[in-house]
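Structure, as structure tokens:
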Amino acid sequence: MEMTELRFRAAERLLERGWDVFVLHEIGTDRAHHLFQKFWDVDHPQYVSGNPHEDKIPRYYRLVDELAGRLFKKLPRDVEVLVVSDHGNQAQRGVLALNQLLAEWGFLRFRREPSRGEDVDAVVDWERSVAVAWGGYYARVFINAVGEEAVEVKRELKQKLSVLKAPWGYIRNVVFEPAELYRAVRGDAPDLMAYFDSLRVRPVQTVGWESPWLEGNDRGPDDSLHSFNGFYAATWGDARRKDIHALDVAGFLERVL
């Protein structure tokens, strides 16, 4: 909270200078969910009613609302205001060590027996592996094959990953090739991008676990995951629209700058 108060205080001072475009990025709304989601969200598997941290997220949002209101009062009347988040947040339903599955299915092989929680990059045997995954909010799968073999590996993985049996039941997932999502694919793009249970399941890249399904995040406490729908409010555009896209916001900025 102190960090957020300092940031808004600095923004108020900076508003006093001449400017054409003013941007304030507040990371605290993201951090609050990653730290306290399970204490506040009744849909989180580890939520316990009446816990001492249950009010942390609502308290933080009330602070942000108060600080933003104070900042807006200092703006000229002819200024267009956009409040935009690049993602939403939701309860983490589970954690999947995806490379464990790839190894069980025969797509991934190790140079030696991995230790518990070891990063896959340290133990993957590329000469005998055809697929390896990196984790995050979605999984990036890299195929170590070319031609018809690569096409067949991608086809089989899409099929296998589309439905998985989790400890609490079956989950539906979607798997894309980057060209299906991006207007232009640049850099060292993965061959497949997998989104598990509408982002409610976190894929991780570590190996050496007793099961592909972990009790928590492998990198430390974090009980919140991103969601596809974020927050948008603006003085610009049609306030009645419910399906505005991030690219619509980008288009507005391109027109006015």
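A few comments on the model shown:
- For the stretch 61-110 versus the stretch 151-176, the inter-centroid distance based on Cα atoms is 25 Å.
- Sequence-distant residues sharing a close amide H with Trp213 (under 5 Å, placed H): Ala97
- Near Asn89, the amide H atoms lying under 5 Å from its own belong to Ser227; only residues 5 or more places off or on other chains count, and H is placed 1.01 Å from N.
- Distances between every pair of Cα atoms in the stretch 1-79, grouped in 10 Å steps from 0 to the bin holding the largest one, split as 16, 41, 24, 14, 5 percent.
- The spread of Cα positions in the stretch 94-221, taken along each principal axis and listed from longest to shortest, comes to 36, 33, 24 Å.
- Calculated FRET efficiency for the pair Asp30/Trp105, C-beta based, R₀ 41 Å, to 0.05: 0.75
- Here the chain is treated with +1 on each Lys and Arg Cβ and -1 on each Asp and Glu Cβ, and its dipole about the Cα centre works out to around 480 debye.
- Under the combined filter of DSSP loop state and at most 14 neighbouring Cβ atoms within 10 Å, the stretch 166-218 retains these trypsin sites (Lys or Arg not before Pro): Arg183, Arg186.
- Counting beta carbons within 10 Å around each of Val21, Val132, Val84 and listing the fewest first gives the order Val21, Val84, Val132.
- More than 22 Å apart - percent of Cα-Cα pairs taken over the chain: 65 percent
- Charge dipole of the stretch 1-48 about the Cα centre (unit charges at C-beta), most positive-ward option of Leu6, Gln46, Trp19: Leu6
- Checking every one of the trypsin sites (Lys or Arg not before Pro) in the stretch 204-256 against DSSP loop status and a limit of 14 other Cβ atoms within 10 Å picks out Arg219, Arg240, Arg241, Lys242.
- Using only alpha-carbon positions in the stretch 14-133, the gyration tensor eigenvalues give semi-axes of 44, 23, 11 Å once each is multiplied by 5 and square-rooted (largest first).
Bear in mind these aren't lab numbers, they're just calculated from the coordinates by the rules spelled out. What you are looking at is a predicted structure, and each value in this text was computed from that prediction instead of being measured. Counting neighbours? That spans all protein chains shown, and the Cβs are built from the backbone with ideal geometry, glycine included.
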